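Enquirer: Attaching a single structure in structure tokens format; questions to follow.
The values are calculated or read from the model by the stated rules, or taken from the named source; none is laboratory data. What you see is a predicted model; the values in this text were computed from it and never measured. Methodologically, a virtual Cβ is constructed for each residue, glycine included, from the backbone with ideal geometry; neighbour enumeration extends over all protein chains shown.
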Amino acid sequence: MEAKRYLQEVGAQVSDDFVKNRSILSFEEYLTLFMAEPRGQARNAAQYLRDVMDSFGTETVAHPTGKMRRFKVFDVPSSDRDGRVAGQEEVQNAVYRMLGNFTRAGRINKLIMLHGPNGSAKSTFVNALKAGMEHYSRQPEGALYHISWIFPSEKLVKGSIGFGGERIPATNGDLSTYAHLDADSIDVRIPCELRDPPLFAIPPAERQRLLEGALKKKGVGTGDGQGEGDFVLSDFILHGELCHKCRSIYTALLANYKGDYMQVMRHVRVERFYISRRYQEGTVTVEPQMSVDAMYQQVSADRAKLLNMPPALHNVALFEPQGALVHANRGLIEYSDLLKRPLEAFKYLLGFSETAQVPLEHFVLQLDEVLVASSNEKHLGAFKELPDFASFKGRIELVRVPYLRRYKAEQQVYDAQITPTTVGKHVAPHATEVAAMWAVLTRLKKPIPDRYPPGVKDLVDQITPVEKMFLYEEGVVPDRLSLAHGKELRKLRSDMYEESDAYPNYEGRSGASAREIKTALFNAAQHPDYKCLHALAVFEELEAICKDKSVYEFLLQEVVDGYHDHEEFVRAVQATYLDKVDEEVRESMGLVSEGQYRELVERYVYNVSHWVKGEKIRNRHTGAMERVDEQRMAEMEAIVMPKGEDPGEFRRGLISQIGAHKLDHPDDTEMDYPRIFPDLFRRLRDHYFEERKRVLRRNKENVLKYLSEDRGTLSAREQSQVESTLKTMSERYGYCEHCAKDAILFLMRKRYG
């Protein structure tokens, strides 16, 4: 493609986008746009951010406390490699509720303080919101506008705006405009640093009537009981005024035009702006620093700038506000690690969070922005000890952001960054999973049995860290428990998850951080003995972490009934890894298909269902009605039923589980037995393979021979079986030959040696 032609195509696209996005409007054109969609232009920053979260949609996800709403804005890929927020649905809903409170109150009157241990995704959470705002501001429904002032050249309108003193009357009441003049016809353009909403150019009393009338016409409620919806006009939109500089220009022009408002509006240009983190438009991150967050300079004191000003403004004192608070106006400001700053550096937030105003020497800044701060627990604890905390307490909304306690959500954090591209080699199955499991185990606390009813105290007291991790993740209960006890433990899942919420030292406050684990994973990727990032290399890195107690504070915790025993956790995760590899290799060998297990379970459940109802079963061959085959059920129960369980209770418990599943999944047309009875299927598989251990050992040895120099010792049939096994391991589970060999060698040494 020719360069010129390419540039012409790009230029045409840019021009089309400029017109389509309505980037520059006259004030009259803006009012037409406002009348068509008044709600979109009458939002304050809290309402806008709430709409950002709504615009991406929500979904319902499983959670230890039940179903929970998740906002998809936290799943949108961004320029940040770690842009997605894994888990933290509680935090998402808490922030959304607070934005709703700000909306109903009509003003943003508190600072949202995200607090938690280092590396718990506080910054990632806020960055996801900012990325969502950037995207939404580029959509038609997210359009944001501000005003600037246009002064045409002397040649174009000589004597009309203070150059010669003569003014030109408006023709036939039509609002002519300087908004669309080209650059050659403009002497000066004066922007508004605060990005004042264009509606502020209308006096407050008239503006209120305009807003209420337009919203009512569109059927939108305004908090007065009329209209539909729950939209509330904020104090900022209703009573806000032009910034000091814009007000000075407006007053000067109104005086120059002898009070002719229409002539003043000719100078107003309405410009669309977009939220931008890079250019600090509508969102800013303030790092810990000593400098103030807002300042100003007097433009009219600069002689060079004064010469470029129209004569009507030569005697007007114009001040340009600057600083993070100014740049973030109409959006969101984040105070990263706020409490690392000296108290005096952010004491102004006491008044600002309540009044949305910051007094400066010559004027007061009126701002509209959501305030979000972050802090770790140590700094927050120290802050609470200060006398000034009592003053801040009513102006801060605390939102806890703990470490994740579900290992699959934790794994998502690592999978987003630990990829073949970033580590430069294949990532073996379970490499990030075992790291996530160990991280979660380091964060769990032993439950306090006395907080539970007497009948379940022993169940709670005996649960191990690994069992608690699996209970949190999918509601899986230990095999050692009877069906009735397992059912009781599942009921306690929510209570256990929320048990320490009121504790200062809550579950998820301490343990390995995601940052530390990511470093361990990158180190494991450089292990010279493995051609892949292998789980075995990860285990070595985790063992190395456990030895460095001078660096990792969580290693100093006292071991309590197996909790906080971090070295033992490495061995526990290693055992879980062996179970997974063993199952994957066995499945890949295809000795028994999953369909055969399903058929066995379906036949058993069919018999149990009729036994519970006291009904007879029709013989498939003779058609006669016969009693349920007790012997066949007993044979199955000898394999899948926990020892000591009463067969009758076990059978009735299975039917109850099916009933509960039907209630939770009313749209399912078929029963998903592997999902309903995962423990039952696992015991079936283990029983089968325990009986055929010798065959399994030989098959696994054949795989190792095939991957070594001994391939020639295998028969053609054996080689074909191995190739089929490796193909299944690759396609179904993601193994390559290198990591498959390492995994099987480790399995043979630990389980089949």
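Enquirer: Name the residues in region 378-415 that are within 28 Å of LEU49 (Cα to Cα), part of a helix (DSSP H, G or I), in contact with a Phe, Trp or Tyr (Cβ under 9 Å, 6 or more places away or on another chain) and not hydrophobic (A, V, I, L, M, F, W, C), would you?
Expert: GLU410
Enquirer: Which residue, of GLU709, GLU701, GLU731, is at pLDDT below 90, over 17 Å from TYR530 (Cβ atoms), assigned to a helix (DSSP H, G or I) and among the acidic types (Asp, Glu)?
Expert: Answer to the check: GLU701.
Enquirer: Considering only region 26-60, state which residues are over 25 Å from VAL264 (Cα atoms), crowded, with 17+ Cβ neighbours inside 10 Å and of a type in the set (Phe, Trp, Tyr).
Expert: Correct list: TYR48 only.
Enquirer: For region 27-133, give me every one of the strands (runs of 3 or more DSSP E) that falls completely inside it and has 1 or more residues that are in contact with a Ser or Thr (Cβ under 9 Å, 6 or more places away or on another chain), of a type outside the set (D, E, K, R) and under 27 Å from GLU507 (Cβ atoms).
Expert: 68-71, 111-115
Enquirer: What is the residue count in region 697-753 for residues that are farther than 26 Å from PRO420 by Cα and loosely packed, with under 14 Cβ neighbours inside 10 Å?
Expert: Residues flagged as farther than 26 Å from PRO420 by Cα and loosely packed, with under 14 Cβ neighbours inside 10 Å within region 697-753 amount to 12.
Enquirer: Anything in region 179-193 that is in a loop (DSSP other than H, G, I, E, B) and either touching a helix residue (DSSP H, G or I) at 6+ places or on another chain (Cβ under 6 Å) or without any contact (Cβ under 8 Å) to a residue 60 or more places away in the chain (or both)? List them, or say none.
Expert: Going through region 179-193, the residues in a loop (DSSP other than H, G, I, E, B) turn out to be 179-182, 192-193.
LEU181, ASP182, CYS192, GLU193 - these are the residues of region 179-193 that are in a loop (DSSP other than H, G, I, E, B) and either touching a helix residue (DSSP H, G or I) at 6+ places or on another chain (Cβ under 6 Å) or without any contact (Cβ under 8 Å) to a residue 60 or more places away in the chain (or both).
Enquirer: Please count how many residues of region 478-534 are closer than 18 Å to ILE463 by Cβ and acidic (Asp, Glu).
Expert: Matching residues across region 478-534 total 6.
Enquirer: Determine whether region 158-170 contains at least one residue that is modelled with pLDDT of 85 or more and touching a Pro at 6+ places or on another chain (Cβ under 8 Å). Break it down into steps so the answer makes sense when it comes.
Expert: Residues of region 158-170 modelled with pLDDT of 85 or more: none.
Taking every residue of region 158-170 in turn, none turns out to be modelled with pLDDT of 85 or more and touching a Pro at 6+ places or on another chain (Cβ under 8 Å).
Enquirer: Quick one: ILE418 ticks every box in (1) in a loop (DSSP other than H, G, I, E, B); (2) within 27 Å of the chain's Cα centre (by Cα); (3) farther than 25 Å from GLY119 by Cβ except a single one, so which number is it?
Expert: Of everything listed in (1) in a loop (DSSP other than H, G, I, E, B); (2) within 27 Å of the chain's Cα centre (by Cα); (3) farther than 25 Å from GLY119 by Cβ, ILE418 misses just condition (3).
Enquirer: Can you pull out every residue in region 502-539 that is free of Cβ contacts under 8 Å to residues at least 40 places away in the same chain and β-branched (Val, Ile, Thr)?
Expert: Scanning region 502-539 gives a single hit, THR519.
Enquirer: Is there a residue in region 346-359 that is modelled with pLDDT of 90 or more, farther than 23 Å from ASN127 by Cα, not assigned by TED's automatic domain parsing to the domain that holds THR103 and not basic (Lys, Arg)?
Expert: Within region 346-359, the subset modelled with pLDDT of 90 or more is none.
No, that holds for no residue.
Enquirer: Out of all the residues in region 276-309, which are closer than 29 Å to SER185 by Cα and modelled with pLDDT of 70 or more? Full working, then the answer.
Expert: Residues of region 276-309 that are closer than 29 Å to SER185 by Cα, as a first pass: 279, 281, 297-309.
Hits for region 276-309 are TYR279, GLU281.
Enquirer: Looking at (1) at pLDDT below 90; (2) in contact with a strand residue (DSSP E or B) (Cβ under 6 Å, 6 or more places away or on another chain), find the lone condition where VAL270 falls short.
Expert: Exception for VAL270: condition (1).
Enquirer: Yes or no: region 591-604 includes at least one residue that is surrounded by 18 or more Cβ atoms within 10 Å (Cβ to Cβ) and free of Cβ contacts under 8 Å to residues at least 60 places away in the same chain.
Expert: There is at least one residue in region 591-604 that is surrounded by 18 or more Cβ atoms within 10 Å (Cβ to Cβ) and free of Cβ contacts under 8 Å to residues at least 60 places away in the same chain.
Enquirer: Check GLY644, GLY653 and return the single one that is touching a residue at least 60 places away in the same chain (Cβ under 8 Å) and surrounded by 16 or more Cβ atoms within 10 Å (Cβ to Cβ). Show your work before the answer.
Expert: Numbers: GLY644 fails: surrounded by 16 or more Cβ atoms within 10 Å (Cβ to Cβ).
Being touching a residue at least 60 places away in the same chain (Cβ under 8 Å) and surrounded by 16 or more Cβ atoms within 10 Å (Cβ to Cβ) holds for just one of GLY644, GLY653, which is GLY653.
Enquirer: Look through region 663-694, keep the residues that are among the basic types (Lys, Arg) and more than 31 Å from the chain's Cα centre (by Cα), and return whichever of them is surrounded by the fewest Cβ atoms within 10 Å (Cβ to Cβ).
Expert: Only one residue fits best here, namely ARG694.
Enquirer: Got at least one residue in region 621-637 being small (Gly, Ala, Ser), under 46 Å from the mean Cα position of the chain (by Cα) and loosely packed, with under 10 Cβ neighbours inside 10 Å? Before you say what the answer is, go through the steps one by one.
Expert: Initially, region 621-637 is screened for residues small (Gly, Ala, Ser), giving 623-624, 634.
Pick out the ones that are also under 46 Å from the mean Cα position of the chain (by Cα) and you get none.
There is no residue in region 621-637 that is small (Gly, Ala, Ser), under 46 Å from the mean Cα position of the chain (by Cα) and loosely packed, with under 10 Cβ neighbours inside 10 Å.
Enquirer: Do we find a residue being assigned to a loop (DSSP other than H, G, I, E, B) and either in contact (Cβ under 8 Å) with a residue 24 or more places away in the chain or touching a Leu at 6+ places or on another chain (Cβ under 6 Å) (or both) anywhere in region 672-680?
Expert: yes
Enquirer: Output the residues belonging to region 608-618 that are more than 17 Å from GLY659 (Cβ to Cβ) and surrounded by 14 or more Cβ atoms within 10 Å (Cβ to Cβ).
Expert: The one that is more than 17 Å from GLY659 (Cβ to Cβ) and surrounded by 14 or more Cβ atoms within 10 Å (Cβ to Cβ): ILE617.
Enquirer: Kindly establish whether LEU696 is at pLDDT 85 or above, part of a helix (DSSP H, G or I) and among the hydrophobic types (A, V, I, L, M, F, W, C).
Expert: No, not satisfied.
Enquirer: I've got another one for you. Check PRO429 against each of (1) modelled with pLDDT under 95; (2) touching a Gly at 6+ places or on another chain (Cβ under 7 Å) and name the one condition it does not meet.
Expert: Failed condition: (1).
Enquirer: Then there is this: Please go through region 475-485 and pick out each residue that is without any contact (Cβ under 8 Å) to a residue 60 or more places away in the chain and part of a helix (DSSP H, G or I).
Expert: Residue satisfying the conditions is HIS485 alone.
Enquirer: Criterion first (more than 30 Å from ALA535 (Cα to Cα) and either outside any helix (DSSP H, G or I) or touching a Gly at 6+ places or on another chain (Cβ under 6 Å) (or both)) does GLU615 satisfy it?
Expert: yes
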